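The values are calculated or read from the model by the stated rules, or taken from the named source; none is laboratory data. Note that the structure is predicted; figures quoted are calculated from it, not measured. Cβ placement follows ideal geometry from the backbone for every residue including glycine, while neighbour counts extend to all protein chains displayed.
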Amino acid sequence: MGSNHTFLKTQNMQSILKALLRYGQITRLRLAQLTGLTTATITNLITELINQGVVKEEGILQVNQPKVGRPQMVLQLNPMARMAIGVHIGVGLFRVSLCDLLANPLETIEEPFAVEDSPEEVFDRIQSAIHQIVDSNQVDKTSIIGIGVGASGLVDQHTGENVHAPNLGWRHVQIREMLSAAFPYPVAVDNNVRVMALAEARFGMGKDCYGVSFVYARKGVGAGYFVHGYLYRGVAAGAGEIGHMIIQPDGGQSCRCGNSGCLETLVSEPVILAMAEEIRQNEPDGLLAQLSQTRVFDIDLIFDAARQGDESVLSMLKSRARYMGIALANLVNMLNPPMIVLGGLLYQGQDILLPTIESTMRSCAFSSLGEQVDLRVTSFGHLTGVIGAAALALTTFFYEKYE
């Protein structure tokens with residue numbers, strides 16, 4: 001009987017917290033309507049949350065009609081009541097962020113690392129960054145609910161193992177084990193693009209949407225799927241490997257996965273850089289070549305060359321955008337998502353890439369399916385990965401595990 005009561009109370013708390021997260025400011029009566037809980041249950045649990053400092057009253061509800069009965073107090077989460085640490089591990093770069101209950105970053109530390117560095121070397125630096133960010137913000141350590149990690153490659157979220165990160169050369173890296181040995185906080189680990197989907201679905205533009213597909217392009221190309229309140233991982237945690245969707249089966253470039261003509265061989269950052277380098281060599285007097293004389297030859301330079309009128313670069317980028325649009329049309333045909341959010345270089349070069357991506361996706365998707373998709377770029381910019389990692393911790397250790 002006692003265990004059933006505790007379970008029911010936990011479920012009710014989760015329902016209240018998720019409603020407060022989604023709707024922001026809300027009254028007790030509205031909470032009862034949304035959750036289906038009795039007003040007595042709402043009153044008791046809200047009182048408990050207020051006493052814990054998690055929820056606060058923000059004044060009386062303002063209405064444009066004669067007042068009947070007692071005035072209703074507006075409630076909202078107290079963002080600073082709890083904290084989460086997010087760790088994003090990219091290819092050659094990691095970010096560590098301290099976030100509040102709404103996944104707002106208080107501070108972010110970003111550090112490059114060599115892909116030749118061992119996982120142990122990288123995690124030594126990550127641990128130092130976590131200590132630094134907690135100490136510099138003078139956070140009450142008891143308010144930290146956990147650490148979330150978004151890692152490149154195939155991740156087993158049950159064991160916290162980075163099973164295989166081909167772009168880093170990592171295999172069977174025990175991420176949870178290493179961080180749990182260094183810190184007194186629980187640790188959750190998942191694929192980096194998957195947690196980006198979680199960030200947008202729980203804390204970003206997908207809060208009112210039942211399904212969000214997040215597509216990310218950088219060194220590789222991947223996707224994350226959030227459906228009806230949960231991340232979809234697949235039977236072997238491999239859902240979202242759209243970078244290895246075959247787009248050019250005949251005559252396509254070899255991919256690191258062993259196949260040819262994968263999406264990753266057409267739209268990833270290394271491919272765009274290689275194609276831009278060819279343009280620079282073939283057109284030594286062109287705008288791209290001129291700009292590269294005084295700037296680092298990177299993806300930002302390539303996008304700037306296109307913005308400033310380099311037709312060869314613009315044509316190359318539009319051709320890459322078309323391939324991405326075809327891939328999204330395939331995704332639409334398979335999953336029929338209500339919203340697709342783009343990140344990484346797709347966010348970075350949105351003004352150049354998005355028009356072609358969108359028109360191709362809408363025209364190539366079956367029937368009118370493409371017209372019904374809300375296609376956007378991430379609302380978190382270059383911090384999507386680390387905010388997603390914090391969102392993983394917040395979801396796992398607070399919103400879905402409140403005791």
Okay, helices (runs of 4 or more DSSP H) sitting entirely in the stretch 296-403 with 1 or more residues that are exposed (fewer than 15 other Cβ atoms within 10 Å of the Cβ) and of a type in the set (A, V, I, L, M, F, W, C), I get 311-335
Evaluate the following for residue 189: is it modelled with pLDDT under 95, assigned to a strand (DSSP E or B), surrounded by 23 or more Cβ atoms within 10 Å (Cβ to Cβ) and under 16 Å from the mean Cα position of the chain (by Cα)? no
Filtering the stretch 298-344 down to residues that are of a type in the set (D, E, K, R) and in contact (Cβ under 8 Å) with a residue 24 or more places away in the chain, which residue is nearest to residue 366 (Cα to Cα)? 322
Residue check for residue 202: buried (at least 20 other Cβ atoms within 10 Å of the Cβ), modelled with pLDDT of 90 or more, closer than 13 Å to residue 379 by Cβ and basic (Lys, Arg): yes
Members of the stretch 99-113 found to be under 12 Å from residue 145 (Cβ atoms) and in a strand (DSSP E or B), listed by number: 99
Residue under question is residue 277, and the condition is that it be within 30 Å of residue 84 (Cα to Cα), surrounded by fewer than 23 Cβ atoms within 10 Å (Cβ to Cβ), among the charged types (D, E, K, R) and without any contact (Cβ under 8 Å) to a residue 24 or more places away in the chain; does it hold? no
One residue from 63, 74, 139, 122 being farther than 21 Å from residue 401 by Cβ, touching a strand residue (DSSP E or B) at 6+ places or on another chain (Cβ under 8 Å) and at pLDDT below 95: 74
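This table checks each residue for (1) crowded, with 16+ Cβ neighbours inside 10 Å; (2) more than 21 Å from the chain's Cα centre (by Cα); (3) not in a helix (DSSP H, G or I).
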{"residue": "215", "(1), (2), (3)": "yes, no, yes"}
{"residue": "224", "(1), (2), (3)": "yes, no, yes"}
{"residue": "239", "(1), (2), (3)": "yes, no, yes"}
{"residue": "256", "(1), (2), (3)": "no, yes, yes"}
{"residue": "289", "(1), (2), (3)": "yes, yes, no"}
Any chance you could count how many residues in the stretch 131-159 are touching a helix residue (DSSP H, G or I) at 6+ places or on another chain (Cβ under 8 Å) and either assigned to a helix (DSSP H, G or I) or within 16 Å of residue 84 (Cβ to Cβ) (or both)? 10
Looking only at residues that are part of a strand (DSSP E or B) and not hydroxyl-bearing (Ser, Thr, Tyr) in the stretch 226-237, which one is surrounded by the most Cβ atoms within 10 Å (Cβ to Cβ)? 226
